[in-house]
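J.: Take this structure first; my questions come after.
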């Protein structure tokens, strides 16, 4: 079922949690709401759920498919909601937790006890917790509790599944596993899902589209790939990954900053360039395009790459570069070594323009 | 390694002191009550107990308690729910107001009620026009008892409900549960032990309340005399044994209450360990 928000805003007293915004989510889509804390992403999710009311002063509306749910109470919206800290009923067994939605139905639409039993057992099978049916939430691990919470939310076959930082409280490995599992479940059952996260990796990995938010505004809505390659503005660029900053004065096509210089095709004046760690190349000698001398302060192998930290007296804060293991070995990178950096490409965000200027340097 | 207070001599001294003080101030008076009640034998005790006025006092005390508990149960749950689940202007003020009956001396509470509801009071004179008399009658006693005991349930529930938060209730509402279902199946099971604890405290206080009740009751024997008032009345009549018989009865109720409270606490800790 598609979700359509029109002109939705929210203020708490004097603080603006959400500025008026529109958002369309297609049927069967898996959308991540990504942003730092206080960006309004959870408020937006809770408004979709009906746990929070949008400002009445605006004529905003929320549609699920063709159904206008703006004034529909949360209990009648037919959503599944997964809470950050699971919010399982602590005095009920796993079975009763999952069965709650079914047993709370009014008598005339409630399935028979036998049918409830079958359905709950099928759900528990789906989340691989059949053997835990009689346990209490406190006797389960975080990952298991979150799976119970998912099964509970899916028991009423909702058209829309909303998840508030579903994996936030879990450790990295369980998180990975649950992410993959949720993606699989989503593809299999075909509901529309919206989840909130502050973890850009999670958003990029899991979502069909990501909604990047800050200060109650939507900064960009795009597919993960587009988002990463063509960030709409500086906030999105900085939020989606590590950033190295180079500030200096440009004169006659050359940017200088202390004893560093870089050939650029920019008008004269003060400029700021941004680079991702993987966009930096490390060289033993300066190139014709640039002279950016740095000193290695640390090198740590992280998975498939080596993360190198660099300092220089022309840099106000250290830079990060990621290099392949092959390059790492070839250059014999070690602490205290002096090298030269050459950016493969850089990004520039003007104050007025929203789109970044991206320059690839061929060498 | 020795921790503070671990020296054998200190420890023995402290334990000895605690035991001695408890015996002197707590246990001895309790024994004295029962000893006094039985000084002239079981027959006299029984006679005193089955005295018409004593029975009336017991009846009135039970009636007052039986009316107070449900009122404060509902009121306490309602108040705790309101204060912990909703944001509204004046919420903090309300939380402070709950404590007024604790802060005010019961005698003062009785006097306020007398001034308000007495036959020359603001509300009382109006009620008088309809021939309704609250003061110096059992409804007045019930009113002040409700006033004095009303914070117990709310005070037990508010910290617990604040700590538990409303997440489980939110989860229940997203699952389509109605307000009553949520209360019955989610809220109530989570607060039931605290609620019962609050009721026990309310019960203890309602049975034993003296100050406020003595102001509004008028102490009419057989009519508006509660058990604590009856103790005083008998004592002033130089019927020491009778007074102590009634007192023994009160002490017995108190002991039962304590046992119930200890039982609940024991259950609660056992549940914690099980989790």
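J.: Please work out the C-alpha center-to-center distance from the stretch A:279-349 to the stretch A:24-40 and express it in whole Å.
T.: Value for the Cα centre distance between the two parts: 35 Å.
J.: I would also like to ask the following. Would you mind giving the three semi-axes, in whole Å and largest first, of the ellipsoid equivalent to the stretch A:85-206 according to its Cα gyration tensor? Display every interim value, and only then the final one.
T.: Details: eigenvalues 124, 55, 29 Å².
Square roots of five times the eigenvalues give 25, 17, 12 Å.
J.: Then there is this: Relative to a virtual label point 7 Å from the Cα of residue B:237 in the Cα→beta-carbon direction, which members of the stretch B:115-141 show backbone nitrogen distances below 20 Å?
T.: Taking a point 7 Å out along Cα→Cβ of residue B:237, the residues of the stretch B:115-141 whose backbone N falls under 20 Å are B:137-138.
J.: Right, here's the next one. Taking 30 Å as R0, compute the FRET efficiency from the Cβ-Cβ separation of residue B:97 and residue B:164 and round it to 0.05.
T.: Working: r = 23 Å, r/R0 = 0.77.
According to the calculation, E is roughly 0.85.
J.: Sticking with this one: Counting partner chain Cβ atoms within 10 Å of every residue's Cβ in A:149-162, what's the average?
T.: Values: counts 1, 0, 0, 3, 3, 0, 1, 3, 0, 3, 0, 0, 0, 1.
Per residue, the number of nearby Cβ atoms from other chains is 1 on average.
J.: Additional query: Using the basic label-point model (7 angstrom from Cα toward the beta carbon), what is the residue B:71 to residue B:219 distance in nanometres?
T.: Using points 7 Å along Cα→Cβ, the separation is 2.4 nm.
J.: Output needed for the stretch B:42-274: three equivalent-ellipsoid semi-axes, defined as square roots of 5 times the C-alpha gyration tensor eigenvalues, in descending order, whole Å. It would help to have the intermediate numbers written out before the result.
T.: Values: eigenvalues 269, 119, 37 Å².
Ellipsoid half-lengths, sorted descending, are 37, 24, 14 Å.
J.: Sticking with this structure for a sec: So what's the angle, to the nearest 10 degrees on a 0 to 90 scale, between helix A:142-154 and the longest Cα principal axis of chain A?
T.: Roughly 60 degrees between the two axes.
J.: So how do A:264-271, A:207-214, A:293-300 stack up, highest first, on mean other-Cβ count within 10 Å?
T.: A:207-214, A:293-300, A:264-271
J.: Inside 10 Å of the C-beta atoms of B:162-174, what's the mean count of C-beta atoms belonging to other chains?
T.: Partner-chain Cβ atoms within 10 Å, mean over residues of B:162-174: 6.
J.: With just the Cα atoms defining each centre, how far is the stretch B:114-175 from the stretch B:20-88? Give it in Å.
T.: The stretch B:114-175 and the stretch B:20-88 have Cα centres separated by 20 Å.
J.: May I ask you to order B:74-81, B:146-153 by the average number of other C-beta atoms within 10 Å around their residues, highest value first?
T.: Values: B:74-81: 18.9, B:146-153: 23.6.
The most tightly packed comes first, giving B:146-153, B:74-81.
J.: Sticking with the crude label model, points 7 Å out along Cα→Cβ, report the distance from residue A:53 to residue A:15 in nm, one decimal please.
T.: Between residue A:53 and residue A:15, the label points sit 2.1 nm apart.
J.: Suppose the chain between residue B:133 and residue B:260 were pulled fully straight at 0.36 nm per residue; how much longer would it get relative to their current alpha carbon spacing?
T.: This chain segment gains 42.1 nm when fully extended.
J.: Would you mind getting me the FRET efficiency between residue B:104 and residue B:40? Use the beta-carbon distance for r and R0 = 41 Å, nearest 0.05.
T.: Values: r = 40 Å, r/R0 = 0.98.
Efficiency, rounded to the nearest 0.05: 0.50.
J.: What fraction of the DSSP beta bridges in chain A is antiparallel, stated in percent and rounded to the nearest 5?
T.: 75
J.: Summarise the partner chain shielding of A:78-90 as one whole number: the mean count of Cβ atoms from other chains within 10 Å of each residue's Cβ.
T.: Numbers: counts 2, 3, 2, 5, 2, 5, 1, 2, 3, 9, 3, 9, 6.
Shielding by partners across A:78-90 averages 4.
J.: Cα centroids of the stretch A:120-162 and the stretch B:225-275: how far apart, whole angstrom?
T.: Cα centroid to Cα centroid, the span is 48 Å.
J.: In addition: I'd like the orientation of helix A:113-126 relative to chain A: the angle between its Cα long axis and the longest Cα principal axis, in ° from 0 to 90, rounded to 10.
T.: Taking Cα atoms only, the helix is inclined about 20 degrees.
J.: So how long is each side of chain A along the principal axes, counting just the alpha-carbon atoms, biggest first, in Å?
T.: On the principal axes, chain A reaches 80, 49, 33 Å in Cα extent.
J.: How would you order B:18-28, A:252-262, A:227-237 from highest to lowest mean count of nearby Cβ atoms within 10 Å?
T.: Values: B:18-28: 10.4, A:252-262: 15.5, A:227-237: 19.3.
Result, highest mean Cβ count within 10 Å first: A:227-237, A:252-262, B:18-28.
J.: Once label points are set 7 Å from the Cα along Cα→Cβ at both residue A:304 and residue A:6, what is their separation, rounded to one decimal in nm?
T.: Calculated label separation equals 4.5 nm.
J.: Report the Stokes-Einstein translational diffusion coefficient (µm² s⁻¹, integer) for the protein assembly as shown, Rh taken as the Kirkwood radius over Cα pairs, at 10 °C with viscosity 1.306 mPa s.
T.: Values: Rh = 31.3 Å.
For these conditions, the coefficient is 51 µm²/s.
The numbers here are math on the coordinates, done by the rules we state, and not lab data. Everything quoted here is computed from the prediction, not taken from an experiment. With ideal geometry, Cβ positions are generated from the backbone for all residues, glycine too; neighbour counts draw on all protein chains shown.
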